Amino acid sequence: MTDSQMIPSAGPEAPAAIPPETPVMTGSNYNEAYTDSGTPRAHWQSILSALSSATERQLKKSQDRVRRMRHVDGATFNLFDDAGTQGVPWELEMIPLPIPAGEWAALEAGLLQRAHLLEVILADIYGPRKLLADGGLPPALVFSNPRFLRPCHGIQPLGNRFLTFYAADIYRASDGGFRVLRDFGGNPEGMGYALENRIVISRVFSERYHQAQIKRLAPFFQTFHRSMTQRTPPGKGDPGIVLLSPGPDSRIYFEHALLSRYMGYPLVESQDLTVRNGRVFLKKLAGLEPVEIIFRHIPDENSDPFALRSDTVTGVAGLLQAARERNIGMVNPVGSGFLETPALPAFLPGLCQSLLGEDLKIPSHPTWWCGTETGRSHVLANLGELQLAAALERPESFSLPPDPVAAIHAAPHAFMASDRVRPSVSPAWNGTGVHSRLTLLRVFVCATEQGFAVMPGGLAITADDVVTLLGGCRERLRSKDIWVLSDRPVEPFSLLSGLQTATEFSRSSDLPSRVADHLLWLGRYMERAESLIRLLRSVFRRISGEARLQDIPELPFLLGLLRKQHYLPQPGKGGSLLPRFRELTAQLTSVLQSPDSTESVSFILKQVREAARNVRDRLSLDSWRAINRLENFADGPMEDPIELLDDTLFALNAFSGFSMESMTRGLGWRFMDMGRRVERAIGLTGLLRNGLPQICRESRNTLEALLEVTQSIMTYRARYRTTFQLAPVLDLLIMDETNPKSLAFQCKQLADHMDKLPRQNDRRFGTHEERMALKMLTSVRLLDLTGLDCRKTEPDSLAVFLETMENQLLEFAQLINAHYLSRVPATPHFALMSDERIP
């Protein structure tokens, strides 16, 4: 390839970043890019040449573009499994890892053999257990193994496939040969990040990528999907396949959302599923929908709280019984995590000979189990040179015993040892130049009708040291896209347009109750944030000028609104309604940034991001980019609060615009819009009720400020071109159904939404919430503002109307939850509910 196809061509002003003749590292580690003599390997020459001819500025620009695209896509993982913690960015290196066709063919053959062997082992230990009877596997490795799940014995999975999806961590030894370090059979991670890497790198270096003969990933995903649909009942047009995730608290929730969107599988959580009469159903607003296949991304032991762990919150009660009755297919079947037993690779060479009659094509990393006399003797004789580890437990739960020899003699089956890992190194960009990083390959395999298929690529993981690479210190890891080179032209192929052709037209927009709940609250939090920001911006604009606080006539009114809604503290007994400037700015800054206050803008925006994370698969990429702009709100010192509020309001409005223009008018959009309408109506009635006394005392300035914070001042001026008067202002804000900020508009929209929500049966009379929506709309339409004038009489009837409407709106919101969202447990939103307002 030419330099311009990989990196923009270098100008004459800068030297090369790295000479192609210079090896990156020498020593016992295999070098992916250079031979021992320092000559670039043939499949690396074009990449190294492009790196050499590019300037440092150009390389930085390319890496920055990679980082920016990854951030826009939201590619992160949650390091601490804490929903309140900002995700750690998924670091992607711009330099790919090429593998020539011949080497990949040998690797592929070895992976196909290994996947077949592991599936045979799974079928035996959960079936006839001949390996135990014949001595192929020792009983201690099975029955003392927490990964072996006794309740799964005797379950025959759909299609008789005990292993549908498999992954392996592979490294190159110093001789250049591949070794399998770890096997993953429960719910392998990383396939979504491999897809994200390919999407980003192919866009950054699109010219090079589309001209090179690099094998595409899309055919593998098509094969994966086909293997799933083959297990569904014949003749079913739309197979009931769902992707089961632990939820946004999962550190790799980004992967779950990406795979869901790319493969077209609904992203569900355990509370979305239920088992009835041995069958699995998805709980939707319109009722229960059968599920045939679950693409499982939760650990084996957490899959069924009834049959396995009773304390889990991510499983589905009765799932194993449905599998035993062959009413549900799972990828992978529960119990397949047995393949991740650390000591199992020690037995694979012998099992491959006895079960398949072949030698193991890809050796495992040298491992010895202390449960056998031979293995124990070898470990004890070489304890200083080997790495001792737990044979059955998860590596992260293992700690080296004070006296290893005594511990091995006391419980030999619990220990194993392995040689030290010396993985290969590959070139990486560190911001100022190219250097070497240790490299591990994660590759993926899926079942087919004929056997298995290997993804032509995968995920290369890099680190500066072996401990980080193997220990999973994720914030210090980086990744690469693996380019499998082809010796023949590659046909362009993509699944971004869909995995299959629809067998029949459908405009159904039903969705799970949990999703409707989060969309409703996303709308409410968005509206709550916007209204508070507009109110704060009006205050900051006034106090930021040269006028003194006491010379701003509408300031007491605006501060009174903030106090009435509990955003600002009430003045002390005998205290002034206008505090000192420094005290006021400190109070307003707290409303903006305080992480401990549920009334602060920072907290509300956090709730916006959290609600959006829960429905990430339902949001367009543009909508998610707008949400991403809210991440860094008020992280550092606030130099200009008005600019900060303007930028935040811009992001919120961008999200609203994308939602309005890109979402179909289905149930998802309706619940999110209902949330906005309910919150806007509650906020407006509270605003008018709390501000009415001050408005009657000083009309002109307070009415102007009221129209400003309700975003209706331009409409008023265009209509009346006169002074601000109470009756026309209230008509615009309460009764004008053409004003999207008015109370009448909100009630009309709510009534329209209620008419479109699903019904369980054809009933003659409306539900309670339908009647209440119509009642509120009628009350607004019948309100008489004629002759309203604070100078003649106090508008007591209006105050009663506003208080009644606010109470009815709160009751309406509760009814919506009880009728449509009660299929899910109470969410944190409702747990925070106060007597008058939900914070």
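The values are calculated or read from the model by the stated rules, or taken from the named source; none is laboratory data. Note that the structure is predicted; figures quoted are calculated from it, not measured. As a convention, Cβ positions derive from the backbone with ideal geometry for all residues, glycine included, and neighbour counts pool all protein chains shown. Each accessible area value is taken on the protein alone, full model and side chains, heavy atoms only, with ligands, DNA and RNA left out. Shrake-Rupley method; radii C 1.70, N 1.55, O 1.52, S 1.80 Å.
Within segment 117-135, the residues that satisfy the criterion of being surrounded by fewer than 20 Cβ atoms within 10 Å (Cβ to Cβ) and either within 26 Å of Thr462 (Cβ to Cβ) or not hydrophobic (A, V, I, L, M, F, W, C) (or both) are Gly127, Pro128, Arg129, Lys130, Asp134, Gly135. The set of residues in segment 674-700 being surrounded by fewer than 22 Cβ atoms within 10 Å (Cβ to Cβ) and closer than 24 Å to Gln607 by Cβ consists of Gly686, Leu687, Asn690. If you check Ile604 against the conditions, is it under 30 Å from Glu806 (Cβ atoms) and modelled with pLDDT under 90? So Ile604 fails the test. Of the conditions (1) closer than 22 Å to Gly458 by Cα; (2) under 23 Å from the mean Cα position of the chain (by Cα); (3) modelled with pLDDT of 90 or more, Arg261 fails just one. Which one is it? Unmet condition: (3).
Suppose we filter segment 32-51 for residues that are open to solvent by less than 10 Å² (accessible area, probe 1.4 Å), touching a residue at least 24 places away in the same chain (Cβ under 8 Å) and either more than 30 Å from Val421 (Cα to Cα) or not hydrophobic (A, V, I, L, M, F, W, C) (or both); how many remain? Steps first, answer last, please.
Our first condition is that a residue be open to solvent by less than 10 Å² (accessible area, probe 1.4 Å); within segment 32-51, this holds for 32-34, 38, 44, 47-48, 50-51.
Imposing the further condition that a residue be touching a residue at least 24 places away in the same chain (Cβ under 8 Å) reduces the set to 32-33, 44, 47-48, 50-51.
After this cut, where a residue has to be either more than 30 Å from Val421 (Cα to Cα) or not hydrophobic (A, V, I, L, M, F, W, C) (or both) as well, the list is 32, 50.
Of the residues in that region, 2 qualify.
Yes or no, residue by residue, for (1) surrounded by 15 or more Cβ atoms within 10 Å (Cβ to Cβ); (2) over 21 Å from Ser260 (Cβ atoms):
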| residue | (1), (2) |
| --- | --- |
| Leu588 | yes, yes |
| Asp596 | no, yes |
| Val601 | yes, yes |
| Ala612 | yes, no |
| Asp622 | yes, no |
| Arg625 | yes, no |
| Glu631 | yes, yes |
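When segment 66-111 is limited to residues that are in a strand (DSSP E or B), modelled with pLDDT under 85 and not hydroxyl-bearing (Ser, Thr, Tyr), the one that is farthest from Lys215 (Cα to Cα) turns out to be Val88.
Among the residues of segment 433-462, count how many are open to solvent by less than 40 Å² (accessible area, probe 1.4 Å) and either farther than 16 Å from Leu181 by Cα or basic (Lys, Arg) (or both).
Of the residues in that region, 15 qualify.
Just the residues that are open to solvent by 60 Å² or more (accessible area, probe 1.4 Å) and part of a loop (DSSP other than H, G, I, E, B), please, taken from segment 395-432. Ser399, Leu400, Pro402, Asp403, Arg420, Arg422, Asn430, Thr432, listed by residue number. Within segment 774-790, the residues that satisfy the criterion of being of a type in the set (A, V, I, L, M, F, W, C) and under 23 Å from Glu698 (Cβ atoms) are Leu785, Leu788, Cys790.
Taken over segment 791-808, residues that are buried (at least 16 other Cβ atoms within 10 Å of the Cβ) and within 20 Å of Asp731 (Cβ to Cβ) amount to 6. Highlighted here are the helices (runs of 4 or more DSSP H) found entirely within segment 665-734 that include at least 2 residues which are more than 23 Å from Leu558 (Cα to Cα) and either among the small types (Gly, Ala, Ser) or modelled with pLDDT of 90 or more (or both): 667-697. Checked against (1) more than 24 Å from Gly315 (Cβ to Cβ); (2) hydroxyl-bearing (Ser, Thr, Tyr); (3) in contact (Cβ under 8 Å) with a residue 24 or more places away in the chain, Ser245 passes all but condition (1). Any chance segment 542-562 includes a residue that's under 16 Å from Ser602 (Cβ atoms) and among the polar types (S, T, N, Q)? So far as segment 542-562 goes, no, none of its residues is under 16 Å from Ser602 (Cβ atoms) and among the polar types (S, T, N, Q). Applying a threshold of 6 Å to beta carbon distances and a minimum spacing of six or more residues, or different chains, the list of pairs starting in segment 136-147 at a residue that is at negative phi and open to solvent by less than 60 Å² (accessible area, probe 1.4 Å) and ending at one that is part of a loop (DSSP other than H, G, I, E, B) and hydrophobic (A, V, I, L, M, F, W, C) reads Val142/Phe148; Asn145/Leu392. Cβ separations smaller than 6 Å between residues 6+ apart or across chains give the following pairs from segment 299-323 residues that are on the phi > 0 side of the Ramachandran plot to residues that are of a type outside the set (Lys, Arg) and open to solvent by less than 60 Å² (accessible area, probe 1.4 Å): Gly318/Val275. Within segment 503-510, is there a residue that is modelled with pLDDT of 85 or more and either buried (at least 19 other Cβ atoms within 10 Å of the Cβ) or among the hydrophobic types (A, V, I, L, M, F, W, C) (or both)? No, segment 503-510 contains no residue that is modelled with pLDDT of 85 or more and either buried (at least 19 other Cβ atoms within 10 Å of the Cβ) or among the hydrophobic types (A, V, I, L, M, F, W, C) (or both).
Note on segment 606-657: residues that are closer than 27 Å to Ser590 by Cβ and outside any helix (DSSP H, G or I) total 12.
To keep it simple, each residue is scored yes or no on (1) among the polar types (S, T, N, Q); (2) within 26 Å of Gly657 (Cα to Cα).
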{"site": "Glu583", "(1), (2)": "no, no"}
{"site": "Ser590", "(1), (2)": "yes, no"}
{"site": "Ile604", "(1), (2)": "no, yes"}
{"site": "Val608", "(1), (2)": "no, yes"}
{"site": "Asn614", "(1), (2)": "yes, yes"}
